[in-house]
Amino acid sequence: MAMEDVACSAVAQALQRFAAYIGTLPPAAPRVLPSSSSSSAAPANCVVVEIHVKVRWLIRMLAWVRATLDDAEEMKTTDEPVRVWLRELEGVADAAEDVLDELRYEARRLGLMEDCGWAPGSIMGDAIGEPMFRQVHSFSSTTPPDEAFAFLCSVERRIEQIVSNFMEIEKPVKTQLLEYTNEQLHVGTTMSAGRATGFMVQEQQTFGRKRDLEEVKKFLFSYAESSGSSDTDDVAVMAIVGMGGLGKTTLAQLAYDDDEVKQYFELKSWISLSENLDIIHLTRAILHSLNPLTSGLSELDPLHRELQKALNGKSFLLVLDDAWRVEDLNSNFWRLFTAPLRDRSADTKVIITSRDRNVSDVAERVSTYDLPGLEDEDCLKLFTKHAFQGRDPQFYPNLMATGEKITRKCKGVPLVAKTLGGLLQNTDSKEWNNILDREHWNTTVQGNPIMPILELSYQHLPAHLKRCFRFFSVFPRGCSFHRDQIIRMWMAHGYVKAKRRELMEDVSNRYLDDLLSRSFLQKSKKSEGYEKFWMHDLMHDLARWVSEDECCSVEVYKSSRIIQEHTRHLSIVTHLTFSTESTLPSVLVPEPASSLRTLLAICWPFSSTEVLNGMIPRMKHLRVLDLGGRPFCGEPQFSESLGSIATLKYLRYLALEMQKIPPSISIMGVHPKLPNTISSLLNLRYLMHKGYRGNDVSVEYPVGIGRLTDLESMPGFHVNPKHDSAKLGELKELNNIKGSFAITGLHNLADVDEAKKACLDKKRNITSLCLKWDFWNKDSPSIDDQMLESLKPSPKLGSLSIWSFRGPSCPSWLGDPSFSKLRTVALRNCRNLASLPPIGQLPSLKSLHIGGPRGVEYIGDDFFFGGFPQLEELTLCSMDNWKSWCGARAHKGECPKLERLSITRCKNLESLSLTNLGAVKVLDIRFCHKLRCLSGSLQLSQLPCVQKIHIEEIYRVWRIGLDLCSSASSEPSLENPSLELHEVGQQEAVYVLGECSYIRQLLVKRCPELRISSDSLQLWKVTSLQGIVVKHTHGVAHAYGSFSPGGTETLETSFLSLVTVDLFEASALLNEFFHIRRLAICLCANLTSLPLAELHALEHLEISECPQFQLLNVEHLPPTLRVLCIQGHPCVTEQCSRHQRPRLRHVLPSEKGEDKNLYLMFRNVQDARKAATGFCCTVNPIIHTWELEWDCCANHSSSAETVAEEALDRLFADLDGCYGIHSVTKLVIRGFTGSWFPSWSETPFFDRVSSVSLLQCSNCEILPPLGQQPSLEELYVEGAARLERVGHEFFGAAGFWQRSHSFQHLKTLQFCDMPVWVVWGGTKEGDFPSLCKLTLKLCPRLRALPHLPPTLKELEVEACDELISLCNCRNPTLTSACVSYRLPTSAYMV
């Protein structure tokens, strides 16, 4: 029922009661009657009839005024006379509502109405034959009837005055526009509000949208998902959603004009929607963009045919920009509009930009992209671009500092940054600071285009949402609010229009969700279980822009803003530390404040009692008073401060907050008490009350609270035996309470009759009820059973919670099937219960929690009577004497839907039958110390649908966890089931593994008795196992691996790592997981050997710090091995008989104290990335020698050269983050098959290397740039069979003259076995300043030596034919060195 209808009903009822009461007026009251009256009753009744007629007229006038104001909301009214006229109409409407509310208020105050709440009725009752006056036998009022008659006479005079004021309002000429129909108004709005857009990006440079553009392009290029693989033929759509000015159109333009998008789509079309949602017009526009010659068609069918012909299976991109009227863009419209586009053989994509998130409901295949704001850095770039206009911002550091603060206020909105940058194109720092310091800097600048653009969003709202949106401007900027808080304030003001059979709360929630979907609000994370919202600063400024002086928020510590007379909603913000009461906002409120309907006191100091008492009496017409930001503890001082609220006869919403009462105080029996003046607020509907940190609390109510029969929301009721507190029976007439309600302190109730008087069964709108006794009270009075029996709630109850009940049995009504809507039942700390309640017959029960019944030893058939047909969650806890459970019976269909079973702190439970609980998905068992996880006690095999098992602290088990849900979602998934065993005995582990053989991940921790090598464990039976982690079990410190299930196939990423594992456990793991590709063994002190030859898929082997390990013959390694890494062991090489080159022969145990080396061998490497990945993470920091070898007998493929170069490049590139390699001083590279080496100068690792050996690098054509290495002292190059020239690149510089002296510390240099080496160039004077020994062997074609330093003491030349003949004749520097020649027999001697 609509609020106006409800108000009319209540007024009609009040007048009927007045008429009946005044009918008893005695003759002794001639002072208030007309002089011609001969009797008292007749004139009184005549007056009431006249008032009734005038009230009906007043209601009709009020309806007309409200309709006129609603019509005015549909159009933008800027003419001042019209706005004054509307303001006057608003004042008349307020006065009329005050009279109607006061009639009901006085009727209840005088005790004339027993229940004049929100019962349906009709003000036109007498018109349809219902008598106007009913015979009333008794009244509770002690007020003389003549006083009631005098009040009615005053009401009559006020009605006449209101009507007179209404008739005197002069209607401006321009108000004729308000008489237009809605369709005409929409046409006018369409003509003015539309915004034409095009696909050309207006900005030459955009900032911060690269990632967003990639997301859009990812959608556009996803052909496979959009074509044949889809189950629907609907067109794929991406909706770019966000508030105005955020850059939705710009992002769409960037995607539309992107080069890759142009190449991908053969046809493109850009359509600006605005409000034009005519299918023919849109189809013609698309067709015209593709073929202008067809624009003359006007019928839909030929347009569709031409469009289908134009597309003809081609890829097509359609952008629909600026969609406003999303409610008209429904699924039927969409199916008809996209009919020519649904060609499954072509790739068609649609992009829609809109401020309304409901656009995602248009089609089946819509991906919504919520466009975020710009980062502060990008926002600053955009701002400075428009502010400095090509000037260098670095020349204006002061302005840049101010600009950074300004852009932070832009909150990432590009339109704001761009506009402000355009406004601040001068370099006047004073003006920049003025803009920064303005309270509403982005709305008050002259010529600012931001608000008009955002105002388009506001103008497209329906009238009821406009009013609701404007109300948000009463809150201070940045304030967050709860859903219930906002919708109840709206309802208190009459903003919510509900149709018959609609609940006001449902309509209010729909309003809020509508504003949220249109981006007027933002949803924040839930706080303390409540859904919270906030408003972007830009939207908050828009709300203030359109509300003008209707709403006002004053921050006292900033300004002393004077409130306008016609301001309706006011919030006053101070600080708790505000010290001077004299400057508090009492001086700001006009006298009288007759227009004010809302007052929010936010962060008021407790000492402002006098100010509060001074303000409230001037605000007699308040509908909403929120003191939630003013903390108090219920002290007498607070009661005094609320004494003035008794005058607020129209108040419908009152919010209080007990911030200083922690939960511990409530447990000790101290509850806040509301002041007595609360009982005078007879029109109050919503009493909002939060306790410590926002928690719900129960309060002590004053005597007379039962008169507030309109109350729909109120805090819990705490029973207090004191005489100045309300008794429980005062709840009798409060039958409009909705939602959650609690009654606490029931241990204080000494009379069962009080429980009966509460009449909980008549409160049909309570959905959740909590009944609570004191947990610490050990007494068990005999009336507890009767008391709970008398507190029978309404059968419409949805949730019931009973705390600390002291009786031995539950009430008879608890299992009554008439409670058909009861979904949740919780019995907590009910310690005296001797048996569980038979509530299995409740047809809708989904969740049952039973805690604390100490008398229960067995759970049998009685508990399951009825079968729990809908039960999904069962929790049993703190049942100290419970020993066993017989389980459900399948033939009776018990618990067919039970999905979650939780059993906690049942210390004597020995067996738990899980028979016939096949629907259970979650099993949670904790702190049941006698329960064993074995087949006789816990039958896990009876749970075929289980998704999660959590067992903690039972016999010989610390924790067992089974999880079949993916980490990214709580939905059940068989993709990655995992099992955790933590401090579990051997028998229990074997049993659980046998029951969970389908797991893919296994984690074993701190199980000292568990042996992986045990035959009973039988890991091989877990055929689906893909990952294992073992920590601190028998013989294993740490082992982990990932592999393919059962060895049926070899995964690319399969590996096994063993850290401090003994021989038996390591062998057992390798026998189980022989199909791994990577194996790492580390810190295994007693490990001597492993069956490596049986690992038929092994590609990567790492052995580190295993001092006893030895590999007697490398030939025993598996042929699949690609990379061998040995750390901390001496590696012995031998001469290869095939290639006559050294290669690894065997690995010996390491001796204590000797230098550690690192050996890395590559064999038949096909993938350089895989070969070099993960090497650095295991290197020990004490390594001194690093040997890299390419197996000369294996690396012979055609791509070996390229793969080797890439592998070495990747290997060196990863050394920056490898701290363990930094201690290496000697580097040996043997058998490298690449033609060039990567640049070493960029790798800091080589700064410490003092010795480098490049051996048998037969394909090498260019030596690495080693000349600038600071620590290099020894260099050996051998077997570079293809090297012809040593040039400037060898010296570490790009040019001869640009470089400094090379090889500063090199002392020994050797070149050997280089048959085609001819030229040694690139040296200059000053190179090799420390060189002492130079050796040249088997370099027959080398013709000359470079300039050699005077420090050279030894030159050894062997088999260098051409060099010898030239040296003796032309190199005088050799005279100072000891020269040794070894010549072949055919050499020519001079």
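Overview of results
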{"quantity": "Of all residues making up the range 658-678, the number that are open to solvent by 10 Å² or more (accessible area, probe 1.4 Å), at pLDDT 70 or above and not in a loop (DSSP other than H, G, I, E, B)", "calculated": "3"}
{"quantity": "Residue match in the range 1111-1133 (condition: open to solvent by 10 Å² or more (accessible area, probe 1.4 Å), in contact with a Pro (Cβ under 8 Å, 6 or more places away or on another chain) and either at pLDDT 85 or above or not acidic (D, E) (or both))", "calculated": "yes"}
{"quantity": "Within the range 216-261, considering residues that are open to solvent by 20 Å² or more (accessible area, probe 1.4 Å), among the acidic types (D, E) and under 18 Å from D343 (Cα atoms), the one modelled with the highest pLDDT", "calculated": "D233"}
{"quantity": "Positions within the range 805-814 being closer than 19 Å to G852 by Cβ and surrounded by fewer than 20 Cβ atoms within 10 Å (Cβ to Cβ), in sequence order", "calculated": "P808, S809, P811"}
{"quantity": "Residue match in the range 865-879 (condition: of a type in the set (D, E, K, R) and under 40 Å from the mean Cα position of the chain (by Cα))", "calculated": "yes"}
{"quantity": "Single residue of the range 380-405 satisfying the filter (polar (S, T, N, Q) and more than 14 Å from G421 (Cβ to Cβ)) that is most open to solvent (accessible area, probe 1.4 Å)", "calculated": "Q394"}
{"quantity": "Residue satisfying condition, being at pLDDT 90 or above, part of a loop (DSSP other than H, G, I, E, B), more than 23 Å from P1238 (Cα to Cα) and open to solvent by less than 40 Å² (accessible area, probe 1.4 Å), within set L1306, L1331, L1348", "calculated": "L1331"}
{"quantity": "Filtered residues of the range 1064-1073 (kept if under 18 Å from L1111 (Cβ atoms) and without any contact (Cβ under 8 Å) to a residue 40 or more places away in the chain)", "calculated": "A1066, L1070"}
{"quantity": "Qualifying residue in the range 531-541 (condition: farther than 21 Å from L656 by Cβ, open to solvent by 60 Å² or more (accessible area, probe 1.4 Å), at pLDDT below 75 and in contact with a strand residue (DSSP E or B) (Cβ under 6 Å, 6 or more places away or on another chain))", "calculated": "no"}
{"quantity": "Restricting the range 470-486 to residues that are under 27 Å from the mean Cα position of the chain (by Cα) and among the basic types (K, R), the residue that is least open to solvent (accessible area, probe 1.4 Å)", "calculated": "R483"}
{"quantity": "Hey, R926 of a type in the set (D, E, K, R), farther than 17 Å from V992 by Cα and open to solvent by 20 Å² or more (accessible area, probe 1.4 Å) or not", "calculated": "no"}
{"quantity": "In the range 487-506, the residues that are surrounded by fewer than 21 Cβ atoms within 10 Å (Cβ to Cβ) and part of a helix (DSSP H, G or I)", "calculated": "E505, D506"}
{"quantity": "Residue in the range 284-293 that is more than 30 Å from Y458 (Cβ to Cβ), aliphatic (A, V, I, L, M) and open to solvent by 50 Å² or more (accessible area, probe 1.4 Å) present", "calculated": "yes"}
{"quantity": "Scope the range 833-864; condition among the aromatic types (F, W, Y) and either in a strand (DSSP E or B) or within 35 Å of the chain's Cα centre (by Cα) (or both); matching residues", "calculated": "Y858"}
{"quantity": "Failed item, numbered, when M1161 is tested on (1) closer than 28 Å to V1316 by Cα; (2) modelled with pLDDT under 85; (3) not in a strand (DSSP E or B)", "calculated": "(3)"}
{"quantity": "Near pairs, Cβ below 7 angstrom, 6+ apart or cross-chain, from the range 784-798 (within 14 Å of I737 (Cα to Cα)) to any residue that is basic (K, R) and open to solvent by less than 10 Å² (accessible area, probe 1.4 Å)", "calculated": "S794/K763"}
{"quantity": "Scan of the range 699-715 for residues that are within 14 Å of A758 (Cβ to Cβ) and open to solvent by 10 Å² or more (accessible area, probe 1.4 Å), ordered by number", "calculated": "G706, M714"}
{"quantity": "One residue from K907, K897 being open to solvent by 60 Å² or more (accessible area, probe 1.4 Å) and within 26 Å of H929 (Cα to Cα)", "calculated": "K907"}
{"quantity": "Residues (modelled with pLDDT under 75 and either surrounded by fewer than 22 Cβ atoms within 10 Å (Cβ to Cβ) or within 13 Å of R568 (Cβ to Cβ) (or both)) located in the range 595-611", "calculated": "C603, P605, F606, S607, S608, T609, E610"}
{"quantity": "Residues within the range 320-379 that are part of a loop (DSSP other than H, G, I, E, B) and loosely packed, with under 15 Cβ neighbours inside 10 Å, tallied", "calculated": "6"}
{"quantity": "Selection from the range 1351-1385 of residues that are part of a loop (DSSP other than H, G, I, E, B) and at pLDDT below 85", "calculated": "N1371, A1377, L1383, P1384, T1385"}
{"quantity": "Pair list, Cβ < 9 Å and 6+ apart or interchain, from the range 827-843 residues that are touching a residue at least 40 places away in the same chain (Cβ under 8 Å) to residues that are part of a strand (DSSP E or B) and open to solvent by 10 Å² or more (accessible area, probe 1.4 Å)", "calculated": "N829/W803"}
{"quantity": "Condition met for R87 (open to solvent by 50 Å² or more (accessible area, probe 1.4 Å), modelled with pLDDT under 70 and not in a loop (DSSP other than H, G, I, E, B))", "calculated": "no"}
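The values are calculated or read from the model by the stated rules, or taken from the named source; none is laboratory data. Computed from a predicted structure; not experimentally measured. Methodologically, a virtual Cβ is constructed for each residue, glycine included, from the backbone with ideal geometry; neighbour enumeration extends over all protein chains shown. With ligands, DNA and RNA removed, areas are computed over all heavy atoms of the protein, side chains included. Shrake-Rupley method; radii C 1.70, N 1.55, O 1.52, S 1.80 Å.
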